[in-house]
Amino acid sequence: MYRFVRTNFADEFVLPQLRQEKDEWEAYCYTSECRKAMKLGISLEEYRKARKEEEIQYVSERLGLSPEEAVEHEYDKLPRSVLYIVKKLTEELGRKPTRDEIWVKERKDLDDLKKCMMSISLEESDNPECLAFRYGNLCDEYIVTGVAPNREFSRHLAECSECLSHIMESRERFLNSKSLNCLTADECDTIRISGFGPRDRKDHIGTCYHCLTLFRKCEKEHLSGQLGSECLTKDTLHTIHTTGDIPEVSKEHMKNCLRCQKAAEKHKDIYMDAIIPLPKLPKTRFKSIRDNYKDRMTT
Ligand SMILES: [Zn+2]
Ligand SMILES: [Zn+2]
Ligand SMILES: [Zn+2]
């Protein structure tokens with residue numbers, strides 16, 4: 001005697017798998033928060049509290065709301081990348097949009113962007129050598145000085161008309177975008193020494209092609225330059241990666257030296273990887289049918 005038993009394969013396998021994915025995400029986020037708290041030398045609770053306040057502050061500034069309003073509409077729980085949508089919808093609707101309205105609009109914007117990207121034929125050369133050339137370290141140097149930094153560079157320019165016209169355009173744009181307000185030679189020297197742009201010049205650098213290129217060039221020169229007498233020694237870096245502690249003097253120096261800041265961070269990460277390793281990023285399971293199980297996931 002045989003009996004046929006109807007089972008739903010998907011129900012049996014999909015739900016537990018999706019629950020596992022959810023657990024993995026929670027573990028991932030928890031560990032990542034612990035690491036950030038540890039990096040700042042504060043407890044997890046303090047870190048979460050500070051993050052929450054920071055987020056409310058950011059959202060209310062961005063949207064021109066009081067902190068209470070931001071919390072009331074739960075805008076502080078939205079990713080920062082969608083705040084522009086909240087702003088736009090508020091103007092369009094003449095009232096504060098709901099979370100659903102925000103997500104619908106976000107979906108639509110994303111679809112539009114995809115369509116737009118598909119309609120642009122890629123004029124960029126996809127030859128990896130050309131891409132490395134155009135986005136490599138040496139390009140900025142040529143754009144600023146007009147002199148090929150090495151033989152390899154001149155060879156590519158001589159052989160590749162696309163890259164040649166690309167870099168000539170950039171050079172011209174660099175020369176033409178210079179204004180009276182641009183970075184001075186002294187300011188460039190400061191960037192070469194510290195790796196940081198002057199605080200009050202951030203806005204200008206961000207919007208001026210001339211200064212952005214100059215800044216990138218000086219920053220690279222800083223990062224590949226000679227260590228100063230106050231720079232972190234190998235011994236100090238070793239201490240950081242074995243104990244996680246950054247000496248106070250080093251912290252002071254790091255405020256004015258991007259290279260040491262990066263080095264200390266790298267070594268602190270090595271230390272943290274040993275103490276609190278970050279789990280692997282969870283895989284997204286059952287992409288095509290997961291939406292059908294959304295309701296049952298909450299129960
Ligand atoms: Zn090329
Ligand atoms: Zn400028
Ligand atoms: Zn240094």
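At a glance:
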quantity: Three-way shape label, the stretch 128-224, alpha-carbon gyration tensor, a/c 1.5; calculated: prolate
quantity: Residue-by-residue Karplus 3J(HN,Hα) for the stretch 195-203, coefficients 6.51, -1.76, 1.60, Hz, glycine and proline x; calculated: x, 10, x, x, 3, 6, 10, 3, 4
quantity: Efficiency of FRET from Cβ geometry, LYS115 and LYS266, R₀ 35 Å, rounded to 0.05; calculated: 0.30
quantity: Global geometry of the stretch 149-295, whether rounded, prolate or oblate, following the gyration tensor of its Cα atoms and the 1.5 cut on a/c; calculated: oblate
quantity: Options LEU110, GLY136, SER177, ranked by Cα towards positive dipole end of the chain, top entry (Cβ charges); calculated: LEU110
quantity: Rounded to whole Hz, the Karplus (6.51, -1.76, 1.60) HN-Hα couplings of the stretch 273-281, x for glycine and proline; calculated: 4, 6, 7, 10, x, 7, x, 5, 5
quantity: Long-range amide H partners of ILE276 with built H, under 5 Å; calculated: none
quantity: Pairwise centroid distance, computed over Cα atoms, of the stretch 147-180 with the stretch 57-99, Å; calculated: 43
quantity: Cα-based shape type of the stretch 13-119, given that a ≥ b ≥ c are square roots of the gyration tensor eigenvalues and the cut on a/c is 1.5; calculated: oblate
quantity: From phi via Karplus (6.51, -1.76, 1.60), per-residue ³J(HN,Hα) for the stretch 49-61 in Hz, x at Gly/Pro; calculated: 5, 4, 4, 5, 4, 4, 5, 4, 4, 4, 4, 5, 5
quantity: Length added when fully stretched, GLU106-LYS251, from 0.36 nm per residue minus Cα-Cα; calculated: 48.1 nm
quantity: In the stretch 239-299, the GluC sites (Glu not before Pro) that fall in loop regions by DSSP, at most 11 other Cβ within 10 Å; calculated: none
quantity: Estimated FRET transfer efficiency when R0 is 30 angstrom, pair ASN181-LYS49 (beta carbons, to 0.05); calculated: 0.15
quantity: Exposed chymotrypsin sites (Phe, Trp or Tyr not before Pro) absent - longest run of the chain, DSSP non-H/G/I/E/B, at most 10 other C-beta within 10 Å; calculated: 5-299
quantity: C-alpha long axis of helix 209-224 to longest principal axis of the chain, angle in °; calculated: 90
quantity: Debye-sum result for the stretch 175-250 in log10 I(q)/I(0), which assumes one identical scatterer on each alpha carbon, at q = 0.22 Å⁻¹; calculated: -0.94
quantity: C-alpha long axis of helix 83-93 to longest principal axis of the chain, angle in °; calculated: 70
quantity: Kirkwood hydrodynamic radius of the chain, Cα pairs, Å; calculated: 24.9
quantity: Net +/- balance of residues flanking LEU15 in space, Cβ distance below 12 Å, scoring K and R +1, D and E -1; calculated: +2
quantity: Total charge dipole magnitude, the chain, about the Cα centre, Cβ charges on Lys, Arg, Asp, Glu only, Debye to nearest 20; calculated: 720
quantity: Net lengthening on full extension, THR233/ARG192 (0.36 nm per residue, minus Cα-Cα); calculated: 12.8 nm
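Bear in mind that the values in this text are calculations on the coordinates, not laboratory data. From a predicted model like this one, the values you see are computed outputs, not experimental measurements. We place every Cβ from the backbone using ideal geometry, glycine too, and count neighbours over all the protein chains shown.
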